[in-house]
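Take a look at the structure set out below.
The values are calculated or read from the model by the stated rules, or taken from the named source; none is laboratory data. What you see is a predicted model, and the numbers here were worked out from it, not measured in a lab. Cβ placement follows ideal geometry from the backbone for every residue including glycine, while neighbour counts extend to all protein chains displayed.
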Amino acid sequence: MLIRKGFVDKEKIWKFVKSFEDLLEDETWNGRVNVSGRKCVWLGLGVNLGIKSEVYQGLDIDNGLRRKCNELWSGDDWNSILIYKYEPGTELKEHIDRDLFEDKVVLINVSVDDLFGGNIRFIYQGKEEILSNGEIIEFNNKVKHGIKKVDEERWSVSVRKIKV
């Protein structure tokens, strides 16, 4: 079930994600750059995806961010934040996350500008859900999900738990 949890301050979340722009890395699979059009950075625990996924220590999470994520997660048993940047024309094909991730994901959708739409077409259980700029959702990542091609720069911040 997809749960809509409200919104974050759009200006603050935009400044937050943009502060990571110089730290973003090309998404890789099996040690090779994936030509997906997405770049990412992991905070807390990170994962190098591939046939044999490797867990590693990502960037540090400061206390203020940890408190905010505890609030969004409704607890403190998460251990990872994944920040993604999607270039215009990029999509995320429907998929189910790997077993090394716990089922729960709390995601913040961040779009360039509400003036140009700012809405993202999130596919969940075969149904298209429109996510607005700054919207927070919670969903089960073991249910098929994806993102239709974006028309503008789009970011996502997902709080999750990696099994270690």
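Per-structure values
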{"read-out": "Output for the range 38-57, where each listed residue is surrounded by 12 or more Cβ atoms within 10 Å (Cβ to Cβ) and not in a strand (DSSP E or B)", "value": "50, 53"}
{"read-out": "Boolean, residue 156 is touching a helix residue (DSSP H, G or I) at 6+ places or on another chain (Cβ under 9 Å), modelled with pLDDT under 95, among the hydroxyl-bearing types (Ser, Thr, Tyr) and under 29 Å from residue 76 (Cβ atoms)", "value": "no"}
{"read-out": "Some residue of the range 17-25 being at pLDDT 95 or above and buried (at least 17 other Cβ atoms within 10 Å of the Cβ)", "value": "yes"}
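Let's see how each residue does on (1) touching a residue at least 12 places away in the same chain (Cβ under 8 Å); (2) on the phi > 0 side of the Ramachandran plot; (3) surrounded by 20 or more Cβ atoms within 10 Å (Cβ to Cβ):
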| position | (1), (2), (3) |
| --- | --- |
| 76 | no, no, no |
| 88 | yes, no, no |
| 112 | yes, no, no |
| 120 | yes, no, yes |
| 130 | no, no, no |
| 139 | yes, no, yes |
| 145 | yes, no, yes |
